[in-house]
Amino acid sequence: MDVLFSTTFCLLIITGGFAADMSLTLVRNAQDTGAVCLDGSPPGYYYRKGSTDPNKWIIHMEGGGYCNDEKDCVKRSFTDLGSSKKWSSTKELSGFLSDDCTENPHFCGWSVAFIPYCDGGIYSGNVLHPVKVDIIYTIYFRGIRILDTVIGALLTAGVNNAEHVILTGCSAGGLSTYLHVDRIRGLLPNNIPMHALADAGYFLDAPNVQGDYAIREAGQYVFKMQNVSGGLNQACVTAYSKTNEDWKCIFPQYSYQYIKSPIFSFNSAYDTWQLANILQLGCLPPKCSEEQMKQFENYGQEFKAAVSPVIQSPTNGAFIDSCVIHCQSLSTTSWTQFKVDNQTVGDTFYAWMTGNTAMYKSKVVDCAYPCNPTCSKTAISPDEVV
Ligand SMILES: *[C@@H]1O[C@H](CO)[C@@H](O)[C@H](O)[C@H]1NC(C)=O
Ligand SMILES: *[C@@H]1O[C@H](CO)[C@@H](O)[C@H](O)[C@H]1NC(C)=O
């Protein structure tokens, strides 16, 4: 009896007590097709087999900004965001990617593939030749080849026979979800249902506090440097090429209307990365002056106006909250506790994906800051979450 009890107890611990780690696979033959990280090392993915639904897959593209210019990309090529050489062999994930069913009731049993970000250019670049910088450095701009190759490896690893696929990512990975969802849809067998959740990827083409479009200039530089045009949504590129404005396709407010696949937008109207890098506000509440708070509030309104294609879409879903944060799907707190109209983002996304909106709406938009009592009391800076 005792023996039986302790054996059962041990099994429980082994199978259910610990969160399973994700383990790394490098896609070594990627180097044959030039699908390489900034430093020339191979890309890869972390994988955890789903406990109850191994044939349902969440594919997450990691975020981490972008590199501004060639020198900045050289610097990045010596970090985990530009090289696979020092990637850890395992990874633990929370929120939407957690296998803990208390934290992540709808998706805890799904298989998860996590694609580390190492191209510095929103998984979009495609410069044919290695790029020489300062004579002694050689780097590669191959984001879109990485994406094609890693998705190809995942197809072989089981996605080919998936019952359902969710494509997701936050920050640069969230933007990548908007930019590449149709391309990835095209790489998957037609009969597999696929949905997308873009977290904190709706970066605005908007002026900073001085009235300059700094983010637009930065985006245009990366667009040229990494030769991204061929990697973007081609319907968008065709439309904007007529006026020589195909760079606009890197901004969701312009490219969203060309997306054909079902996509769900998860974003704060007061995204801390946007406040710091697009608006360049220089503070986060409660440490802002009255003048800065006005700019902050205006940005929230500007965001809601720019996200109107999402709000007006008859088929797509959204959770636009007013919590001051960046990247909410990978944080336990924002995934489980932040609510809009008394529903979490998980409830909202699940209602949208399944079409079962009896209990929960598939699209919610929050009231203006600081109306939402479920948000964290203090703003969460972008470096704490990405
Ligand atoms: C830019 O990308 C396109 C494919 O999208 C390719 O045909 C062209 O050769 C690339 N240009 C350079 C300079 O690598
Ligand atoms: C919010 O939802 C919970 C169930 O998730 C319910 O018990 C509660 O009554 C709801 N509150 C309001 C104000 O609707």
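Within the stretch 279-296, is even one residue part of a loop (DSSP other than H, G, I, E, B), among the polar types (S, T, N, Q) and without any contact (Cβ under 8 Å) to a residue 40 or more places away in the chain?
The answer is yes; a qualifying residue exists.
Of a type outside the set (Lys, Arg), in a helix (DSSP H, G or I) and within 30 Å of Ala351 (Cα to Cα), is that true of Phe96?
yes
What number of residues in the stretch 334-363 are touching a helix residue (DSSP H, G or I) at 6+ places or on another chain (Cβ under 9 Å), outside any loop (DSSP other than H, G, I, E, B) and either hydroxyl-bearing (Ser, Thr, Tyr) or within 13 Å of ligand 2 (Cβ to nearest atom) (or both)?
The qualifying residues number 7.
Going through Gly211, Gly231 one at a time, which residue ends up being away from ligand 2 (no atom under 16 Å from the Cβ) and buried (at least 17 other Cβ atoms within 10 Å of the Cβ)?
Checking each option against the conditions leaves just Gly231.
When residues of the stretch 195-230 are filtered for being more than 17 Å from the chain's Cα centre (by Cα) and either more than 16 Å from ligand 1 (Cβ to nearest atom) or not in a loop (DSSP other than H, G, I, E, B) (or both), how many remain?
Of the residues in the stretch 195-230, 23 are more than 17 Å from the chain's Cα centre (by Cα) and either more than 16 Å from ligand 1 (Cβ to nearest atom) or not in a loop (DSSP other than H, G, I, E, B) (or both).
Out of the residues in the stretch 310-333 meeting the condition of being over 19 Å from the mean Cα position of the chain (by Cα) and assigned to a helix (DSSP H, G or I), tell me which one is farthest from ligand 2 (Cβ to nearest atom).
Among those residues, the one meeting the criterion is Gln312.
Considering the stretch 121-159 alone, what residues qualify as being in contact (Cβ under 8 Å) with a residue 60 or more places away in the chain, in a loop (DSSP other than H, G, I, E, B) and more than 16 Å from ligand 1 (Cβ to nearest atom)?
Scanning the stretch 121-159 gives Asp134, Ala157, Gly158.
Surrounded by fewer than 16 Cβ atoms within 10 Å (Cβ to Cβ), over 26 Å from Cys101 (Cβ atoms), of a type in the set (A, V, I, L, M) and in contact with a strand residue (DSSP E or B) (Cβ under 8 Å, 6 or more places away or on another chain): is that true of Ile320 in this structure?
Against the criterion (surrounded by fewer than 16 Cβ atoms within 10 Å (Cβ to Cβ), over 26 Å from Cys101 (Cβ atoms), of a type in the set (A, V, I, L, M) and in contact with a strand residue (DSSP E or B) (Cβ under 8 Å, 6 or more places away or on another chain)), Ile320 does not qualify.
Only the coordinates and a few stated rules stand behind these numbers; no lab work does. Worth saying up front: this structure is predicted, and the values here are computed from it rather than measured. Glycine also receives a Cβ, built like all others from the backbone with ideal geometry; neighbour counts cover every protein chain displayed.
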